[in-house]
Every structure is written in C-alpha cells, then in structure tokens.
Amino acid sequence: MQTLHDTIMQYNFNEIEAKWQKKWAELQTFRALQPEELTEQKPPFYVLDMFPYPSGAGLHVGHPLGYIASDIYARYKRHKGFNVLHPQGYDSFGLPAEQYAIQTGQHPAKTTEVNIKRYREQLDKIGFSFDWSREVRTSDPNYYRWTQWIFIQLFKSWFNNNTDKAEPISSLVEAFENEGNKNTNAACDDGVESFSAEEWNAFSANKKDAILLQYRLTYLAETEVNWCPALGTVLANDEIVNGVSERGGHPVVRKKMKQWSMRISAYAERLLQGLEKLDWTDSLKESQRNWIGKSVGAQLKFPILSFPKREGISVFTTRPDTIFGVSFMTLAPEHELVSKITTAEQKEEVEAYIKAASLKSERDRMADVKSITGVFTGAYAEHPFTKEPIPIWIGDYVLASYGTGAVMAVPCGDQRDYDFAKHFNIPIPNVFKGVDISKEAFADKAQTIITNSEFLNGLNAEDAIAKAIEKLEEIDAGTGKTNYRLRDAVFSRQRYWGEPFPVYYVDGLPKMIDEQYLPLHLPEINEYLPTEDGAPPLGRAEKWAWDTTQNKVVDKELIDHKSIFPLELNTMPGWAGSSWYLFRYMETKENRNQHMASAEALNYWKNVDLYIGGSEHATGHLLYSRFWTKFLNDRKVLPVEEPFKKLINQGMILGESAFVHRYNPSFDTNAKTKREREMLSLKMNNLFISYNLVHIINKELKASKHVFIRPEGVFDINGEKIQTKNIENLNVTFESLFNSGLNNILIKDSSFIPIHTDVSLINFSNELNIEGFKKWRPEFQDAEFIKDENGKYIVSREVEKMSKSKYNVVNPDDICEDFGADTLRMYEMFLGPLEQAKPWNTAGITGVHNFLKKLWKLYYNGDNFEVTAEPASKEALKTLHKTIKKVTEDIENFSFNTSVSTFMICVNELTQQKCNAKDILEPLAVLISPYAPHIAEELWEKLGHSESVSTAAYPVFEEKFLKEENKTYPISFNGKMRFTLDLSLDLSKDEIEKAVMEDERTQKQLDGRTPKKVIVVPGKIVNIVG
RNA sequence: GCUCGGAUGGUGGAAUUGGUAGACACGUUGGACUUAAAAUCCAAUGGCCAUUAUGGCCGUGCGGGUUCAAGUCCCGCUCCGAGUACCA
C-alpha cells in the first residue's frame, strides 16, 4: 500500500504535469514575440503543424505524433535562442459537422464548438508549447472575412503569361481599350473571341464583364461535375464508388453546372519550378510533379477532307517524331466535331456509341481499360506531310478532358493505339528502324531511330522531334507546345458549412461585395439540406439578398434586380481556409482587424520554417496553398513565394485490433435432423474459442486433417486428441447436444469467425477480460468461452488503421492519466522513425515510463532532493557530453527515436556511476526538456531556478570530455571478428600490427600459418588475412 | 502498368554510410525481496552444435558479384506498403 510518504518521494507525474500546464497557461510562457516587442536580438523561427479538423471522435494516440515532433523542435529552437512561433488552430469548416446537422438539426457551429473544446482539453494534457493567443478557426467570421477578401483579389486579377505573374484586372482593361485583345498573352478560357479596341469600347458593360470573366483568376464557368440527384449535390470523385454515391448508393450522372473555378493551371510551370528550392521529401515533390503532369511536345492540326480548308482537328502529341506513323485519328466521343464530320452511313452507329459512352461515368471508363471499343465516323483527315487520307474514329480511350480531346494515333509507337488498330484491323506502319512491332508497340524513346519518314529518316527521337516541329511550323500546320495535366480547380460546393462567396448577381453576372463590407456572414437556415428545386442549402435562407444601396444583407423577398440582388448560394470548399492560415498566425489577435496580417508581421516571420503533417495532403492542400501564396506574392500582399520551406510527413500510427473467435456451426455440422441443427446453432451462436486453440485447429485443417469435437469434450484431430485443461468447459457446452444423440461435430475452416473486440478489454498478454466482454454489448452477455490449457481466453491481433469502427482506438487522455504526458511524448517518439507507419502497442510504454522514474531518482534519494555542488567525475562528464552530441545531431536530423534511446543510455550510465553532481544534472534537465517538459520544469525548479526551463540556454557540447586514450580493437581473421584488444590510440599502424601479432590469441587463431596480409585501420579495426 | 518507399531476433527498432550486426526497449525465462500479489532490483535471451575455464558453424527477403571486410556498394529476382493511372 502506498503511504503519504511514498507519494512525496515518488515521481508523481499527474501532479507535476497539472502544475506546469497551469503555470505555462497563466504566464503565457510560449507566447511568440512580434518584432516590435523584442528586447534582445532573436532570430525568428516558425514551426507549424497541419491544423486539425475537430471531429466528434476526438484525438487518438496517432494524431499527436506530428505535434509532439514539432513541439520538441520548437522547444529546442527556443533553447537555441530563437523567437519561436509555434501556433495551433482549427480547420473548423467541413462535412462531418454538416452531416451531423442534417441528422440532428444541431447547428454545425454548435457541434464544432463542442468538438474544439474537447480537442483543446486533449491537446493541453499533452503539454504542447503552443502559443494559443494566436489561435485561428476557419469558420470564425473574423477569419473567413479574409478568405473572402482573397477570393475578391483573385477575381480582380488576371494572369499575364508574358510577365508570368498575376496582375490587376485594370491593366487588362487598359490593354483592351488601347489595342483589343490581339496582343494579350493571358491564361484564359478556351475559345475567347478576338476583338479590336474599337469593338471593345463599343461593347455593352455586360458584354465586357462576360469577357473579363474569361480572364479572371477565379471565374464562373460551365463545368462538368458529378451530380447526385438523390442527394441534391455535386460529389467529388472520391465520394463515388462504382458509379453510385458512397453514401446511400444513389446514381450519379455527369452534368454541366455553373461553378466557380480557380485558374491554378496558370501557375503550373511556377508550381513545378518552385519545387526545386523546397526542402521536402522526394516522394512528395514527385507526387506534385505527377499531378502537375508537364509534357512537352507539339500541337498540330489535321485538316478534315470534307471541310473547307484550314478547319481541322487539333491534337497534342509528345512524339511529333512519329508523325509518319499515323494511320488513323481518334476523337473522344464528346468531341464537338464528331457530330459535324460523321457521314450519313455511319451516323446511327456513332450516335449509339456516344449514348453508350455518356452513360458510363468517367470513373467507369477509366476502370475499364481492358475492353477496346470505338466506331469509325466515315470521315477522313489529311496528313499534313504525305497528304494521305486518314480515317477518323471515335473511341472512349481518348478523354475529352485532356489535351484537345483528340489524338493522332501512331499504332507502332503507342500501345493503346496499337491495341485499337489490331482490334479494328487498321494498318500499323512502322517508322522505327530495326524494330519488330509484330507483337507490341515500341515506345522506347532512347532507342529510337526514325525510318520511312521522309526528312526525319535516320534521326534519333530528340533530333526528329525538333525537326518535325520546325517543319510543321514552316507549313503552318502546328507548333511546339507544352501541356499540363493540372486542371483548374472547381471551387463551388453545394454545402452549408463553408465560407459564403462575397458575390451577388446582376443580370446573371457575378459582382463582388465591396471589401469594406466584409465579412459576409453565413446565414441561418431551417434545415441543412438542398431545397426542393435542387438549389444548395443556402437557397433556404430567408435573409439572403444584397442591398447595394445600404450595403447589407436583406430579406430575399425584397429582390428587385435594381438595387437588391440575389446572393451566391454555393459555399467555398475545405481548402479555401487552409490555403492561407499560416499567415494569419503571424499577426496577434488584437491586430487582426485591419488586414489578414500586417506587412511588418509578414515581413518578419516570412514563411514556415518547419511544417509537419500527413502525406494525404500532398496534392491538395499543399498545392493550393502554394498557388495562393504565389498569387498573393504577385499582388504584393505577401513577401514570399512559398508557404512551407521544410516539410516532413509523419507516418501513421496504426492500431492493433483484437479479435475474439466465434464458433460458427451452421454450415459444418453433421447433425442429421433439423432439430439437432437448430439446437446446435442456438447453443453455439455465442461460443467463443481461445485463439491458441483456433490456431492449432486451423493449422491441422490446412494439412487437410479432420477435426471433430467428441462427446468427451475433446478436440479430435485424425484420431489424436488435444488435451485442454478446461475440458469441463467444453463438455458442459456440448452436453445437451451429445445427449440428443449426436456423436461428433465436424469442424471446417469456416468454423471460426473473427470478431473485432474493444482493445481496452485486452491485457498485455492478449488475454480477454471475459466479464468486461460480456458487459460490453448485450448480445455477448450469455457468451461462453472455451479457454486454452492455461485456462486463458486469448484473442488474435492484427495491425489495422486506428478507427472507432475497429474498436482499436487508444486514447491519449488515458495514457496521460496512467503514465503521464511526458511518457506519452517520449514513447510516441520511441516507437520508430517519424516518417514511418508503425503499430501502437501500449504494452511497450512501461519501458519509457521506467526510464523517467530512473531519471527522477538521479535527482532524488527517497524524498530528499539530492544534487551536490561537488565536481563531476570524468565518466559522468563523458556520459553527459556524449549525450549532448548525439541528441543534438538527432534533433537536427528529426531522428527522435534514437535520441530517446540515447537518454536511456545516459540515465543508465549516470545511475551506475551514482552521479548526483549539479554540473551534470542541471544541463541534463535542459537537454531533456523538449521531450519531457513537465519533469524537466519540476527538476529545474528544484535546482533553484525561478524562470521556466524553456528559457535556459542549450548545453554546449565540448569535445575534450570525449577524448579517448584507448580503443577496443576488434581483431578479425578473414573478416570474422575473433577477439578484441585494448590498445592506445597513439599507436602507429605498425605498432598496432606488432601488438596484435604478439598476442597469443592471434597465434592460436593462425595455428602456425603466416598471414598473407594484415589490414590495420587505426581507430577502427584490424583484419588478418591468410 | 508507372513512380516512390520498404524487407534486420518472438515484437518495435539500432548500426558513426563499407569496419565488432542486433544498441535501446518490449516480451519471455530464472533469481532476490514479499504470507501473497503488485512494484522494484539482479541475471540470461538471434538460431544450431558442443560444453572443461574455453569453443565452433549459420545468420540482415532470395540468387549472383565487387572488396582484406557488405545489412550497407553493383547486377538480377521475390514479396509488402504508399501514391497515381487509358495523360496522347
């Protein structure tokens, strides 16, 4: 039993942690200073975590992993004398809250508030050094006011390809007024009409607006979307499974809808080039490169024979060198020319094909790569060089959304074209020298030598591409062109819980609300569903119209289209608020009203030095925020071009699910009568068998042996009986059955059904808490168990993603309660490399916890704090400095798992040395404080300091304490280590060799032989060959 | 299919980038303390063989190679994970 005396002397983590968490909050210990507050020279350093979406499930132990790593780094940088900005906030708009609102009628703001509170409590318990005074929430009107403001800036900008920058729309208007759009080189919609200055000036205001909309960086356009009529909303690709909605399984159709889009494609090249300068992992940069999908080639035109000259089909190709290998063309079924060129004879067939293709979703089409389909249109195009007629086909292997929606098919050089040609018996001319194309296409660019191609003959791919483009330009049939896969991003959502657009409509054209009247607040609605006629949820708002004379939101009924206009009903997507939040943190709460952040603050903090988060944001958030940062930099709002200098993806912490195994007799009994079968299933539906037995039986079944349960209550394998110590258990269970005349029960491998069970019911040895299990869910309350020979019921374990539905969630609160936050922090780091996925195993935590207890005991002897001023021993100094060196290197390399081991070794050694010298224990407290801040603060205070340990300078490593005089040399014979020998490090190569050769063990190893060679690497190794 | 990662004891993982493989922990086993348990402490712990203090052989997914020396470098495979996909 614990006495009062014991509690004082022991490491009482609950008390210590609560004490310091309270102090840090009261004293604002981790508040970052704005440049004007600095009293001493301190360079800024910005450490940021990807902010969480506050879900109703709360945090599990996987979530804080990245936060702990960044917190260690932030605390380390403070010790190193930096002014560290380490904030936290919430990405608080989002679908789950809305979904919950639809089900319960609860306002999403309310549930979000509750969830945030829970998150905050959980985060606080882990002892993070966040500067909470700078918290942001994307759903806060004071925050989304500036999201709306950025949207307006995008609307007021266009992208000038000549300067490669965004510019104010006024400069475009000016150009139009002076020279029309003939000299404009802008990122804009396809098919913008050309006009002269006179024509522009004569256009109506509406016409001008409509034209400008085609140039703006955010624009309204007809976009093909996945529309789900039953749910009344657009779905993202990942919300559709097998052509039906993920939720509810409703059909999805492709539909054109007017949507806001972001012209991110204008920034494709800069987003690609910018990656070079970033300190991100190669895999992450690679994902972004793939997503941007740059391909260099040529765009060319094939005239259509039945059409007047100059009209033709545009195609994009990366292989203009193979142009003489073209034997047909393929258009996407949706291609606008299809209906125009199809001949009368082919019409019926083509239309049937188009109809069939339109019924398939884009996803279906992509999933079904195997089957080759297509139809001949009857039309022909003309080869630009040979003037030969080329048949034009349609086929759904060509996607309307990429390139021009048409390809010049070169079957000898492209496998898809090859397959298509083979399938429809189209000729496959070969343009590759010395290559056999009878089996498959030849796509190896590096090995290519062109032949059968007039002026390209004998050239390699690179030269032939250049030559082909040159010739195409000469005859005005095409030009060199770079294509990007990156599409403009749809920015409208038919949702309630998101940022409202600061947009109203006059004559169907969008107008921006003047910036000074922001924010435009999200209106109240009675139900969080689309309206009956299919408008988004905001269509339900009564008060949702813009009064341009009063500049405020008024009742919808007042709309007169003269001064009161309808407001936009869509809201912004999740990535809107998260694209710029890092800059909001740079400003203090008091000074946030006038701007997203002040120029001084933006200039001082610049961008994020270290960003830690999950890799699932590789192509979403991380691309969009780069885009917005570049845009705001172009428009002189931000001083930087990139948001995140260094980025680390933390790996996922996986859960270890536990399974009980239920005996499922319904299919595998040889019970003869119906009555017997009924009895059996009734009796056995709740019978669980220990995994140790399941494991043995399954193994035997795999070896095709027969396993029976016999009336004696034994498992019988091919006549051999497995003895279990709990036979009675088995006997009782089966008694009534056997009494009814059954003489054995055959077991098959489908007999045991694994069922997820809550991991909190499992102890460290995988033993089930049977009483707890029975109480866990009502259907198990009469469960019966067959235990193994030790009388235990064992579960099986499997590593899976941590999730509520798998009952494998481990809650950090519980760990903090049982072991303390410092233990949790160190254990999460100890699990393995930060970037790697790894399973959580609570059993292992005791090792780290014991380590902290041992650390405590270095400073405490019983209940006496015992640290002496006596000089430290040589060994202790060596231990300390070895530790400083390694831990510092590890932090710099984000190798936190090895630094925890280093601390363990350090404490083990100091314990062994019985060290309690202040010279050692004081720097050690500082060294460990980033990892285990609470215990460090407590010890630091006991050491006589009144300031937080976080203000202490980081210990300085001194080489001199590590100076060794001797080295224990491993002595190898033919590369195999046989013994070790202590020798002075001062010895020369020859002296070492001499000492080794003189050793009697060497002579014994050699056994009379003479070595051929002796390799001596001073300070490392000796290897004797022969 | 393509791209990028991985593969080391019963488990999580170390290994100064070519120099004593398995650090540090967990687990397991044995011991001390205890009426007992927990806690704590001590010892052993890659496999196989031998045992007299001593030793030997094998061993980092598989097969080759380079080297005095390979978990690490090179060539060829197998398996696992992540991302992405008719991208012309």
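The values are calculated or read from the model by the stated rules, or taken from the named source; none is laboratory data. Remember, predicted model here, so these are calculated numbers, not experimental data. All Cβ positions, glycine included, derive from the backbone under ideal geometry; neighbour counts span all protein chains shown. The protein model used for the area step is the full one, side chains on, heavy atoms only, and it has no ligands, DNA or RNA in it. Shrake-Rupley method; radii C 1.70, N 1.55, O 1.52, S 1.80 Å.
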Return the loop-located trypsin sites (Lys or Arg not before Pro) in region A:276-328 (DSSP other than H, G, I, E, B) with at most 11 other Cβ atoms within 10 Å of their own Cβ; answer none if there are none. A:Lys309, A:Arg310
Once neighbouring chains are kept in place and the probe is 1.4 Å, which whole percent of the accessible area of region A:819-962 is contributed by carbon and sulfur? 51 percent
In the structure shown, do any of A:Lys156/A:Lys630; A:Lys22/A:Lys918; A:Lys882/A:Lys967; A:Lys853/A:Lys882; A:Lys77/A:Lys630; A:Lys285/A:Lys801 have a Cα-Cα gap over 18 Å, and if so which? A:Lys22/A:Lys918; A:Lys853/A:Lys882; A:Lys77/A:Lys630; A:Lys285/A:Lys801
Proximal aspartates and glutamates to A:Lys874, defined as alpha-carbon separation beneath 12 angstrom and excluding residues fewer than eight positions away on the same chain: A:Asp919, A:Glu964
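For region A:115-198, which trypsin sites (Lys or Arg not before Pro) pass both filters: DSSP loop (anything but H, G, I, E, B) and at most 14 other C-beta atoms within 10 Å? All intermediate terms of the calculation are to be shown ahead of the outcome.
Details: sites: A:Lys117, A:Arg118, A:Arg120, A:Lys125, A:Arg134, A:Arg137, A:Arg145, A:Lys156, A:Lys165, A:Lys182; in loops: A:Lys156, A:Lys182.
Passing sites in region A:115-198 are A:Lys182.
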From the P(r) of region A:819-962, can you give the percent of Cα pairs sitting at distances over 24 Å? 28 percent
Total formal charge among the other residues, if their Cβ is under 9 angstrom from that of A:Ile935, Lys/Arg +1 and Asp/Glu -1: -4
Under the rule of -39500 (n - 2.57) per DSSP H run of 4 or more residues, summed and divided by the residues of chain A, what mean residue ellipticity at 222 nm is obtained, to the nearest 500 deg cm²/dmol? -10000 deg cm²/dmol
Using only Cα atoms and rounding to the nearest 10 degrees, what angle (0 to 90) does helix A:727-739 make with the longest principal axis of chain A? 60 degrees
Along each principal axis, Cα extent of region A:428-496, largest first, Å: 63, 36, 21
Excluding residues on the same chain fewer than 8 positions from A:Lys792, give the lysines whose Cα lies under 24 Å from its Cα. A:Lys683, A:Lys699, A:Lys721, A:Lys725, A:Lys748, A:Lys774, A:Lys775, A:Lys806
With all protein chains present, region A:128-241 has a carbon and sulfur share of its accessible area (1.4 Å probe) in percent of 45 percent
Restricted to Cα positions, what overall size does region A:294-484 have along the principal axes? Three whole-Å values, descending. 45, 38, 31
Positive-end extreme of charge dipole, region A:316-446 - chosen from A:Thr377, A:Thr317, A:Ala421 (charges on Cβ): A:Thr317
Need one number: convex hull volume per residue for region A:894-994, Cα atoms only, in Å³. 164 Å³
Under a crude label model (7 Å from the Cα following the beta-carbon direction), how far is A:Glu965 from A:Lys182 in nanometres? 9.2 nm
Residue-normalised value, i.e. accessible area per residue, for chain A at 1.4 Å probe, in Å², stands at 47 Å²
Run the reach check for A:Lys277 against aspartates and glutamates, Cα to Cα strictly under 17 Å, same-chain hits fewer than 8 apart removed. What comes back? A:Glu269, A:Glu286, A:Asp609, A:Glu641, A:Glu642
Principal-axis tilt of helix A:674-684 within chain A, Cα atoms, nearest 10 degrees: 70 degrees
Fraction of alpha-carbon pairs over 59 Å apart in chain A - percent: 31 percent
Between A:Lys914 and A:Ser873, the two model label points (7 Å from Cα along the beta-carbon direction) sit apart by a distance in nm of 0.8 nm
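Trypsin sites (Lys or Arg not before Pro) within region A:404-494: which are DSSP loop residues with at most 11 other Cβ atoms inside 10 Å?
Details: sites: A:Arg416, A:Lys422, A:Lys433, A:Lys439, A:Lys445, A:Lys467, A:Lys471, A:Lys481, A:Arg485, A:Arg487, A:Arg493; in loops: A:Lys433, A:Lys439, A:Arg485, A:Arg487.
The qualifying sites are A:Lys439.
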How many angstrom lie between the Cα centre of region A:624-661 and the Cα centre of region A:937-1000? 41 Å
